[in-house]
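Remarks on the structure that follows.
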Amino acid sequence: MNLMQNKDLILTLTRYEFKLRYRGAVLGVLWSLIAPFLLALVLYFVFRNVFNFVENFALYVLVGIFVFRFFSVATSVGMHSIVGKAHLVTKTNVERSLLPLATTLSYAISSFIELLILIPILLLLGSKIGFTISLLIFLHFFYTIFVYGLNLLLSAIMVHFRDLNQIWEVITNVLFFASPIVYPISIIPESYRSFYMLNPISAIVELYRGVMIYNSIDLGLLAYFSLVAILVLLAGYSFFMRMQRRFGEVL
(Lines give C-alpha, C1' and ligand atoms only; values in the text may rest on other atoms or scores of the structure.)
Protein backbone atom coordinates (compact mmCIF):
# COMPACT_ATOMS: atom_id res chain seq x y z
CA MET A 1 0.00 0.00 0.00
CA ASN A 2 1.55 3.30 -1.14
CA LEU A 3 0.32 5.90 1.34
CA MET A 4 2.03 8.86 -0.35
CA GLN A 5 0.58 7.95 -3.74
CA ASN A 6 -2.90 7.78 -2.23
CA LYS A 7 -2.59 10.65 0.25
CA ASP A 8 -5.23 12.81 -1.45
CA LEU A 9 -7.73 9.96 -1.45
CA ILE A 10 -6.93 9.14 2.18
CA LEU A 11 -7.47 12.78 3.18
CA THR A 12 -10.76 12.94 1.27
CA LEU A 13 -12.09 9.70 2.78
CA THR A 14 -10.93 10.65 6.28
CA ARG A 15 -12.51 14.10 6.02
CA TYR A 16 -15.76 12.54 4.84
CA GLU A 17 -15.77 10.03 7.74
CA PHE A 18 -15.02 12.79 10.25
CA LYS A 19 -17.79 15.04 8.95
CA LEU A 20 -20.23 12.13 8.75
CA ARG A 21 -19.72 11.38 12.44
CA TYR A 22 -20.71 14.89 13.52
CA ARG A 23 -23.20 15.75 10.78
CA GLY A 24 -26.19 17.52 12.30
CA ALA A 25 -24.50 17.93 15.70
CA VAL A 26 -24.50 21.58 16.76
CA LEU A 27 -21.56 21.23 19.16
CA GLY A 28 -19.59 18.87 16.94
CA VAL A 29 -16.77 17.02 18.69
CA LEU A 30 -17.91 18.30 22.11
CA TRP A 31 -20.84 15.89 22.00
CA SER A 32 -18.38 13.01 22.05
CA LEU A 33 -17.09 14.29 25.40
CA ILE A 34 -20.45 14.13 27.15
CA ALA A 35 -20.96 10.34 27.16
CA PRO A 36 -17.49 9.38 28.50
CA PHE A 37 -17.66 12.18 31.08
CA LEU A 38 -21.01 10.94 32.37
CA LEU A 39 -19.80 7.34 32.43
CA ALA A 40 -16.61 8.34 34.26
CA LEU A 41 -18.68 10.34 36.75
CA VAL A 42 -20.97 7.39 37.50
CA LEU A 43 -18.08 4.96 37.86
CA TYR A 44 -16.20 7.38 40.09
CA PHE A 45 -19.10 7.68 42.54
CA VAL A 46 -19.68 3.91 42.47
CA PHE A 47 -16.06 2.94 43.14
CA ARG A 48 -14.55 5.94 44.97
CA ASN A 49 -15.01 4.42 48.42
CA VAL A 50 -13.68 1.03 47.29
CA PHE A 51 -10.52 2.44 45.68
CA ASN A 52 -10.06 5.59 47.77
CA PHE A 53 -6.39 4.63 48.25
CA VAL A 54 -5.70 5.41 44.57
CA GLU A 55 -4.14 8.85 44.12
CA ASN A 56 -6.32 11.10 41.95
CA PHE A 57 -8.87 8.33 41.44
CA ALA A 58 -11.23 10.65 39.53
CA LEU A 59 -8.48 11.39 37.00
CA TYR A 60 -7.55 7.71 36.91
CA VAL A 61 -11.08 6.75 35.80
CA LEU A 62 -11.49 9.71 33.45
CA VAL A 63 -8.33 8.98 31.44
CA GLY A 64 -9.09 5.24 31.39
CA ILE A 65 -12.58 5.84 29.96
CA PHE A 66 -11.37 8.24 27.25
CA VAL A 67 -8.49 6.01 26.16
CA PHE A 68 -10.63 2.87 26.03
CA ARG A 69 -13.34 4.77 24.13
CA PHE A 70 -11.11 5.16 21.06
CA PHE A 71 -10.57 1.41 20.88
CA SER A 72 -14.21 0.45 21.47
CA VAL A 73 -15.86 3.01 19.16
CA ALA A 74 -13.28 2.92 16.35
CA THR A 75 -13.36 -0.87 16.07
CA SER A 76 -17.15 -1.16 16.33
CA VAL A 77 -17.48 1.28 13.41
CA GLY A 78 -14.32 0.18 11.60
CA MET A 79 -15.49 -3.40 11.17
CA HIS A 80 -18.25 -2.05 8.86
CA SER A 81 -15.83 -0.06 6.71
CA ILE A 82 -15.98 -2.59 3.83
CA VAL A 83 -19.56 -3.85 4.19
CA GLY A 84 -20.87 -0.31 4.64
CA LYS A 85 -19.10 0.91 1.48
CA ALA A 86 -19.88 -2.03 -0.79
CA HIS A 87 -20.48 0.34 -3.71
CA LEU A 88 -16.87 1.56 -3.53
CA VAL A 89 -15.56 -1.99 -3.31
CA THR A 90 -17.56 -3.40 -6.22
CA LYS A 91 -17.82 -0.39 -8.55
CA THR A 92 -14.50 1.46 -8.20
CA ASN A 93 -10.81 0.68 -8.22
CA VAL A 94 -10.15 2.29 -4.86
CA GLU A 95 -7.57 0.38 -2.83
CA ARG A 96 -9.74 -1.45 -0.32
CA SER A 97 -7.36 -1.23 2.61
CA LEU A 98 -7.80 2.55 2.50
CA LEU A 99 -11.42 2.27 3.63
CA PRO A 100 -10.68 0.92 7.14
CA LEU A 101 -7.69 3.30 7.25
CA ALA A 102 -9.93 6.34 6.67
CA THR A 103 -12.36 5.20 9.36
CA THR A 104 -9.51 4.59 11.81
CA LEU A 105 -7.89 7.97 11.10
CA SER A 106 -11.16 9.88 11.52
CA TYR A 107 -11.71 8.35 14.96
CA ALA A 108 -8.03 8.76 15.86
CA ILE A 109 -8.25 12.50 15.11
CA SER A 110 -11.47 12.79 17.09
CA SER A 111 -9.95 10.89 20.02
CA PHE A 112 -6.81 13.05 19.99
CA ILE A 113 -8.92 16.24 20.05
CA GLU A 114 -10.87 14.83 23.01
CA LEU A 115 -7.62 14.10 24.88
CA LEU A 116 -6.30 17.61 24.21
CA ILE A 117 -9.54 19.10 25.55
CA LEU A 118 -9.15 16.84 28.58
CA ILE A 119 -5.68 18.17 29.49
CA PRO A 120 -6.75 21.53 31.05
CA ILE A 121 -9.50 19.68 32.97
CA LEU A 122 -6.91 17.25 34.34
CA LEU A 123 -4.69 20.14 35.38
CA LEU A 124 -7.57 21.76 37.27
CA LEU A 125 -8.23 18.47 39.05
CA GLY A 126 -4.63 18.06 40.21
CA SER A 127 -2.81 16.20 37.44
CA LYS A 128 1.00 16.26 37.46
CA ILE A 129 1.29 16.84 33.71
CA GLY A 130 4.89 17.63 32.74
CA PHE A 131 7.41 17.08 29.96
CA THR A 132 6.22 13.52 29.26
CA ILE A 133 2.99 14.94 27.80
CA SER A 134 5.02 15.48 24.60
CA LEU A 135 4.89 11.70 24.18
CA LEU A 136 1.11 11.85 23.71
CA ILE A 137 1.47 12.11 19.92
CA PHE A 138 3.86 9.15 19.90
CA LEU A 139 1.46 7.05 22.00
CA HIS A 140 -1.51 7.99 19.84
CA PHE A 141 0.39 7.10 16.69
CA PHE A 142 1.04 3.54 17.87
CA TYR A 143 -2.46 3.27 19.32
CA THR A 144 -3.82 4.23 15.88
CA ILE A 145 -1.61 1.60 14.22
CA PHE A 146 -2.94 -0.99 16.65
CA VAL A 147 -6.58 -0.06 16.00
CA TYR A 148 -6.01 0.04 12.22
CA GLY A 149 -4.56 -3.47 12.30
CA LEU A 150 -7.65 -4.67 14.18
CA ASN A 151 -9.97 -2.88 11.75
CA LEU A 152 -8.29 -4.56 8.79
CA LEU A 153 -8.83 -7.92 10.45
CA LEU A 154 -12.40 -7.22 11.63
CA SER A 155 -13.62 -5.60 8.41
CA ALA A 156 -12.37 -8.56 6.35
CA ILE A 157 -14.11 -11.06 8.64
CA MET A 158 -17.29 -8.96 8.66
CA VAL A 159 -17.70 -9.40 4.90
CA HIS A 160 -18.08 -13.16 5.38
CA PHE A 161 -19.53 -13.29 8.89
CA ARG A 162 -22.13 -10.57 9.57
CA ASP A 163 -22.73 -11.62 13.20
CA LEU A 164 -19.26 -10.40 14.12
CA ASN A 165 -20.59 -7.12 15.53
CA GLN A 166 -22.51 -8.94 18.30
CA ILE A 167 -19.49 -11.09 19.14
CA TRP A 168 -17.15 -8.09 19.13
CA GLU A 169 -19.47 -6.18 21.47
CA VAL A 170 -19.13 -9.01 23.99
CA ILE A 171 -15.34 -9.09 23.54
CA THR A 172 -15.15 -5.31 24.02
CA ASN A 173 -17.16 -5.51 27.24
CA VAL A 174 -14.90 -8.30 28.52
CA LEU A 175 -11.80 -6.23 27.71
CA PHE A 176 -13.28 -3.26 29.55
CA PHE A 177 -13.40 -5.24 32.79
CA ALA A 178 -10.21 -7.17 32.02
CA SER A 179 -8.28 -3.89 31.82
CA PRO A 180 -7.51 -1.37 34.58
CA ILE A 181 -10.17 1.15 33.58
CA VAL A 182 -12.00 1.55 36.91
CA TYR A 183 -9.73 -0.38 39.26
CA PRO A 184 -5.99 -0.15 40.02
CA ILE A 185 -3.50 -2.76 38.87
CA SER A 186 -2.46 -3.17 42.51
CA ILE A 187 -5.54 -5.32 43.18
CA ILE A 188 -4.19 -7.94 40.74
CA PRO A 189 -2.05 -10.49 42.62
CA GLU A 190 1.62 -9.78 41.92
CA SER A 191 2.19 -13.33 40.67
CA TYR A 192 -0.36 -12.72 37.89
CA ARG A 193 0.45 -9.10 37.13
CA SER A 194 3.03 -9.72 34.39
CA PHE A 195 0.58 -11.98 32.57
CA TYR A 196 -2.21 -9.44 33.10
CA MET A 197 -0.16 -6.67 31.48
CA LEU A 198 0.21 -8.72 28.30
CA ASN A 199 -3.25 -7.41 27.52
CA PRO A 200 -2.39 -4.55 25.11
CA ILE A 201 -5.37 -2.50 26.31
CA SER A 202 -4.01 -2.63 29.87
CA ALA A 203 -0.64 -1.50 28.55
CA ILE A 204 -1.89 1.45 26.51
CA VAL A 205 -4.26 2.68 29.23
CA GLU A 206 -1.41 2.71 31.76
CA LEU A 207 0.88 4.47 29.28
CA TYR A 208 -1.64 7.26 28.70
CA ARG A 209 -2.21 7.60 32.46
CA GLY A 210 1.53 7.91 32.98
CA VAL A 211 1.93 10.91 30.67
CA MET A 212 -1.45 12.55 31.40
CA ILE A 213 -1.61 12.20 35.19
CA TYR A 214 1.71 11.19 36.75
CA ASN A 215 4.29 12.75 34.38
CA SER A 216 5.99 9.37 33.93
CA ILE A 217 6.59 6.82 31.20
CA ASP A 218 7.32 3.10 31.45
CA LEU A 219 9.79 2.57 28.60
CA GLY A 220 9.53 -1.22 28.81
CA LEU A 221 5.74 -1.05 28.53
CA LEU A 222 6.04 1.46 25.69
CA ALA A 223 8.41 -0.84 23.78
CA TYR A 224 6.05 -3.78 24.35
CA PHE A 225 2.96 -1.97 23.11
CA SER A 226 4.79 -0.51 20.09
CA LEU A 227 5.88 -4.00 19.09
CA VAL A 228 2.37 -5.40 19.58
CA ALA A 229 0.88 -2.56 17.50
CA ILE A 230 3.27 -3.25 14.60
CA LEU A 231 2.63 -7.01 14.76
CA VAL A 232 -1.15 -6.49 14.83
CA LEU A 233 -0.88 -4.16 11.82
CA LEU A 234 1.23 -6.64 9.85
CA ALA A 235 -1.06 -9.56 10.74
CA GLY A 236 -4.20 -7.55 9.96
CA TYR A 237 -2.86 -6.32 6.62
CA SER A 238 -1.71 -9.79 5.57
CA PHE A 239 -5.09 -11.30 6.47
CA PHE A 240 -6.98 -8.47 4.74
CA MET A 241 -5.01 -8.83 1.49
CA ARG A 242 -5.73 -12.56 1.36
CA MET A 243 -9.43 -12.15 2.11
CA GLN A 244 -10.11 -9.18 -0.17
CA ARG A 245 -9.93 -11.33 -3.32
CA ARG A 246 -13.46 -12.56 -2.62
CA PHE A 247 -14.99 -9.30 -1.42
CA GLY A 248 -16.57 -8.61 -4.80
CA GLU A 249 -18.22 -12.02 -4.93
CA VAL A 250 -19.65 -11.88 -1.41
CA LEU A 251 -20.77 -8.24 -1.51
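Just to be sure I understand, how many residues within the stretch 208-220 are out of contact with any His (no Cβ under 9 Å at 6 or more places or on another chain) and either assigned to a loop (DSSP other than H, G, I, E, B) or open to solvent by less than 30 Å² (accessible area, probe 1.4 Å) (or both)? Spell out how you get there, then give the answer.
So the first thing to find is which residues in the stretch 208-220 are out of contact with any His (no Cβ under 9 Å at 6 or more places or on another chain), and the list is 209-220.
Next cut, either assigned to a loop (DSSP other than H, G, I, E, B) or open to solvent by less than 30 Å² (accessible area, probe 1.4 Å) (or both) only: 209-213, 215-218.
Number satisfying all stated conditions: 9.
If we keep just the residues of the stretch 106-124 that are closer than 20 Å to L38 by Cβ and in contact with a Ser or Thr (Cβ under 7 Å, 6 or more places away or on another chain), which is surrounded by the fewest Cβ atoms within 10 Å (Cβ to Cβ)?
This residue is E114.
For the stretch 240-251, give me each residue that is open to solvent by 50 Å² or more (accessible area, probe 1.4 Å) and closer than 10 Å to L153 by Cβ. Walk me through how you get there before you give the answer.
Residues of the stretch 240-251 that are open to solvent by 50 Å² or more (accessible area, probe 1.4 Å), as a first pass: 241-243, 245-246, 249-251.
Selection gives M243 alone.
Between a first residue in the stretch 116-141 that is within 15 Å of L207 (Cβ to Cβ) and a second residue that is of a type in the set (F, W, Y), which pairs have beta carbons less than 7 Å apart while being 6 or more apart in sequence or on different chains?
Short answer, once both residue conditions are applied: L139/Y208; H140/F112.
Which residue is nearest to the chain's Cα centre (by Cα), if the candidates are limited to the stretch 163-189 and must be exposed (fewer than 11 other Cβ atoms within 10 Å of the Cβ) and over 20 Å from V205 (Cα atoms)?
Q166
How many residues does the stretch 31-76 contain that are touching a Phe, Trp or Tyr at 6+ places or on another chain (Cβ under 7 Å), assigned to a loop (DSSP other than H, G, I, E, B) and touching a residue at least 24 places away in the same chain (Cβ under 8 Å)?
Adding up the residues that qualify gives 2.
Conditions: (1) more than 11 Å from I145 (Cβ to Cβ); (2) open to solvent by 60 Å² or more (accessible area, probe 1.4 Å). I230 meets all but one. Number of the miss?
So the condition that I230 fails would be (1).
Would you be able to say whether some residue in the stretch 61-80 is hydroxyl-bearing (S, T, Y), modelled with pLDDT under 95 and open to solvent by less than 10 Å² (accessible area, probe 1.4 Å)?
No, the stretch 61-80 has no match at all.
At pLDDT below 85, surrounded by 13 or more Cβ atoms within 10 Å (Cβ to Cβ) and touching a helix residue (DSSP H, G or I) at 6+ places or on another chain (Cβ under 7 Å): is that true of F37 in this structure? Lay out the reasoning, then the answer.
Values: at pLDDT below 85: yes; surrounded by 13 or more Cβ atoms within 10 Å (Cβ to Cβ): yes; touching a helix residue (DSSP H, G or I) at 6+ places or on another chain (Cβ under 7 Å): no.
No: the conditions fail for F37.
The values are calculated or read from the model by the stated rules, or taken from the named source; none is laboratory data. These figures come from a predicted structure and were not determined experimentally. Here Cβ is always computed from backbone atoms with ideal geometry, including for glycine, and neighbour counts include all displayed protein chains. Surface accessibility is based on the protein's heavy atoms, side chains included, excluding ligands, DNA and RNA. Shrake-Rupley method; radii C 1.70, N 1.55, O 1.52, S 1.80 Å.
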